[in-house]
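Comments concern the structure below.
A short reminder: the numbers here are calculations on the coordinates, not readings from a lab. Just so it is clear, the model here is predicted, and its values are computed rather than measured. Here the Cβ positions follow ideal geometry from the backbone for every residue, glycine too, while neighbour counts run over all protein chains shown.
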Amino acid sequence: MKQPLTNKSFTDIFIVHPVLAIVVNLVILLAGWKALTSLPVQQYPKIENSLVVITTLYYGASAETIRGFISTPIERVVSAISGVDYVESTSRAGVSTVTVHLKLNHSSTAALAEVTARLQQVRAELPPEAEPATIEIQRADRPYASFYLSFSSQERTVPAVTDWLLRTLQPQLATLPGVQRVTFEGERQIAMRVWIDPDRLASFNLSPGDVQGALRRNNYLAAVGRTKGNLVQINLLANTDLRSAGEFEELIIADRDGAIVRLKDVARIERDAEEANVIAKYDETEGVYLGIWAVPGVNEIEVGHRLRDEVDRIRPTLPSDIDMKLVWDSTMFIRNALTEITKTLSETILIVALVVFLFMGSVRTALVPLVAIPVSLIGAALFLSAFGFSLNLLTLLAIVLSVGLVVDDAIVVVENVERHVRLGKSRIEAAQVAARELLGPIVAMTITLATVYAPIGFQGGLTGSLFLEFAITLAVAVVLSGIVAITLSPVMSSRFVHPEGQEGRLTRFVNHRFEEARGVYAKLLDVALTMNWGIVAAAVFIMVAAWPLYHFSRLELAPVEDQNHISLFFEASPDSTVHATNRQHFQIVKAITAIPETDYTWSLTTAWGGFGGVVTKDWHDRARSTESMYNDVYGAVSQVPGLRVFPRLDPPLPTPGQYDVELILESDAPAEQLLDTVGTLLGAGWQSGKFLYVDTDLKIDLPQARVVLDRERLADLGFDLAGVGRE
């Protein structure tokens, strides 16, 4: 005779009212699905690891002048703002670059506002001839744009292509959501070139400053205004600016004894282009790049989708002679990786479903734990959205790992219900008793697992920031699986379990094999218990053997990934020009394109060097990984004379800096004295044999010619030093 149920439990509510259990889980599922469709998709968790780069131009100034009168004052004021990790500066002839490294996850917007305010304070201390400082925000792990579009033409010159891009495409791309700015690389804008003849200028007793002043005074863009009458108003225009070479030629420079000196008398004028500071190339083809910089922290995959859609829309409207290519896409690897991990998730769910079915022996009972998978995993997206997380490689990894965990509680529930049914209880009664018995253990298991995974995300620094979302996703999925096991699994078990608790043919077969395995294990255990010292010796041997395996294993935060790309950084001699560096760079292109796995190269070349990359063929079209290719690439580029080339495999995680190890040498000694110490460190680095590339950013090797002025002679001639310096 069955005993009436007593001591009602919280779980009885859902068994007696199954609609309530279904509604609770449907709410979790639908709310999670809604959150899932709105989650941002990116490679890694959102980490604000930014730089504020301050660039100041002072044409003609030496590196020492730049360091003393521009870099040092700017460093002094910006180092005091909040959120600064450290400040570094580079002083070259004519240009100062001060880089402010912000602390992890510090707001770059707030830092930008503070830097702007501090620069206003120091502006009066800078030389008046220096250009106003420009401020940019960059990602610390990537000093170049997220995307590069290359434009080249067989018919148009680089200045003509630049002019066309400036008027048409650049404004369109700059308005795309998530785009911080669109910059030109390798551009040469159309300009009026004035080539002064020094001899003719001297014959008229004129100086270059006189020509410059005349151009400034007589090539002026005037805003005259308009006139108003009682009935009409008219806008007024004045031809105060010069637009053609002929107009520049007729420009009056001076009046010498009644004779008018025009610009054509002392100079040759032609409509040409600005001097090239950067040369952009796709393989060996010179062109113009548009660099699309994404806002730091924004979803770059979405920006990439919008950019590709815009490129597809623009392509049919391009002039027939202009060739457009997307030469660099930082999201290519991210998209492929997300696709692969999504496939892995599908395969994992399929394998878990197959294993559950095989061991439970019935499709009906297997459905009980399998329903916990979508509810727990999709429901976790609700909490990801609430916490401001994203769908990235680490959260997807957590979801993949949790597939096998979220079914455990439900399996225990359905097995316990089947046990009580075999003991003679009805399915409803069995579900109630089983749920009561397992409520405490399920809560304990859920809390235990959640407290094991959650602390992973509470580490400090970059590791903690990266794995916070991983840990929370795993913990939330486990908690939701416990909720499903308490609410929905007993209800489904009370409907799907066989009324008599009979085992199917497959279940009997599997259980029979388990009994055989249990018997074999019992015999092995009996033998082991009689060999106590042998077991201890085997355990010690395994422990000792494991030590060298651990000791010689690679220690790294994340393994190197094949991202279809190898970055190149190259440095030219200090006295090189952009055209000389470009000629040497042709040899790099030839050496790399000879490697079979290379698809194409892209590069941005300057006088001091430059950077670029090798884009390899698709993974399916090559036998070697980029890591295997690296030695060949390094060997090819190391033979190029006149350039120091450093190929680098793109880092798998968003870590700042370009090198694996960076040392900062602090001293109040002059730079010239530090150079000896730096040389010693470099030599030790090379001699150690542990480094592939050793370099320093302290370089005092630019050739200089010093002009020594005779002050007394200048005074006799009526000149002053300020005037001579300007001239």
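Here are the numbers:
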quantity	calculated
Pairs from Lys325/Lys699; Lys281/Lys617; Lys590/Lys617; Lys46/Lys343; Lys281/Lys690; Lys103/Lys343 whose Cα-Cα separation, in the structure shown, is over 25 Å	Lys325/Lys699; Lys281/Lys690; Lys103/Lys343
Student exercise, the chain dipole from Lys, Arg, Asp, Glu Cβ charges, in Debye to nearest 20	2900
Cα-only radius of gyration and Dmax that characterise region 338-433, units Å	16.1, 50
R0 of 51 Å, Cβ-Cβ distance Thr677-Leu176: FRET efficiency to nearest 0.05	0.60
Dipole magnitude of region 195-273, debye to nearest 20 (Cβ charges: Lys/Arg +1, Asp/Glu -1, about Cα centre)	460
Cleavage-rule hits (trypsin sites (Lys or Arg not before Pro)) in region 19-118: DSSP loop, at most 15 neighbouring Cβ within 10 angstrom	Lys103
Cα-based Kirkwood hydrodynamic radius, the chain, one decimal, Å	32.4
Cα-based equivalent ellipsoid, region 195-273: semi-axes from gyration tensor eigenvalues, Å	33, 14, 10
GluC sites (Glu not before Pro) within region 254-291, DSSP loop, no more than 14 other Cβ atoms inside 10 Å	Glu274, Glu275, Glu284
Extension gain from Arg226 to Glu340, taking 0.36 nm per residue of separation minus the Cα-Cα distance	34.5 nm
Taking the chain and dividing mean pair separation by its residue count, relative contact order in percent (alpha carbons under 8 Å, at least six apart)	15
Most positive-pole-ward Cα, Ala337, Thr116, Ile592, against dipole of the chain from beta carbon charges	Ala337
Of the trypsin sites (Lys or Arg not before Pro) in region 450-529, those whose Cβ has at most 14 other Cβ within 10 Å and which sit in DSSP loop	none
Extension gain, Ile351 back to Val724 (0.36 nm per residue minus Cα-Cα distance, nm)	126.1 nm
Residues in region 688-719 that a label on Ala669 would reach, taking backbone N under 13 Å of a point 7 Å out along Cα→Cβ	none
Listed residues Phe248, Asn235, Val261: farthest to the positive end of the dipole of region 223-281 (Cβ charges)	Asn235
Overall form of region 50-140 per C-alpha gyration tensor (a/c, 1.5; a/b vs b/c)	prolate
